[in-house]
């Protein structure tokens, strides 16, 4: 049997390698072209926000708003929490009221997320305070935030959040580094779900706040689903408070705020000794003191007027105005007492 000539051996060996190299080059060029296109203003102005792969699309939209808001100046104050926070803390009113008391007007952003619990807020706060150099983090919360029945977005298992807070992973790295990959995640989301998500199409302000105009009717009644939700807000254990201990404190001042309840819920808490929500602030106060976190408690008297509620859980614009002014007053008091240091004026504008 005759031997294969030496030059034919080389051809047989090299041809597959050349094909693979060419395919890799084409793939790299295509990926580069997609990445460049994904970073252009022409695309970003026509396509909704790319995705970070979380459970809700609203997260992506809030991230895009925050990034655009930060392009115009520093983020001095960040509100975090669930949808109750999204509708309760008006950054404009809070900043105006704080400026009236202290002469310092912070630029604030509301990063409320529907369904967020303390287990979601903690890793998210670690990322946002670091990325945007936020000196003041304000977390208004209720027992629901630390309840085992909280809806929970489970941000701690999101690959991007894991990569930023725990350890390296490829999906998280690509999400962090590649605009094209995040747009691909957005495409996958659009193809994979047909359900409508709350707040996605609502008129959210540039500072992240949703100004609701619905007023809860005076004769409104608690339905079975809402009644169960309010009951669940009180079912928590001390161990569910533990995530709060990990709120970012290096370079960031943290304020926990007890969100006020509707008059109906307040009366229920006062008369039902089995409602664990009663005395919630008393339970959380030792942890806040231990961790060096400033705690602002809701007043015993009625803070939000009856027409300041959109429903039994969320405030409307009128209620948010009352709460935001009250909160600014309490933050100003803490600054005057030396418990907080509102040094916003030293930051570059």
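Descriptive notes on the structure:
- Cα shape, segment 61-101, gyration tensor, a/c 1.5 rule: oblate
- Order by protection proxy (mean Cβ within 10 Å, highest first), peptides 95-103, 107-115: 107-115, 95-103
- Multiplying the residue separation of residue 131 and residue 249 by 0.36 nm and removing their Cα-Cα distance gives an extension gain of 41.1 nm.
- In this rough spin-label picture, where each label sits 7 Å from Cα along the Cβ direction, the residue 105-residue 168 distance is 4.6 nm.
No value in this document is a laboratory result; all are computed from the given coordinates. The model shown is predicted, which means the values in this text are computed figures rather than measured ones. Counting neighbours? That spans all protein chains shown, and the Cβs are built from the backbone with ideal geometry, glycine included.
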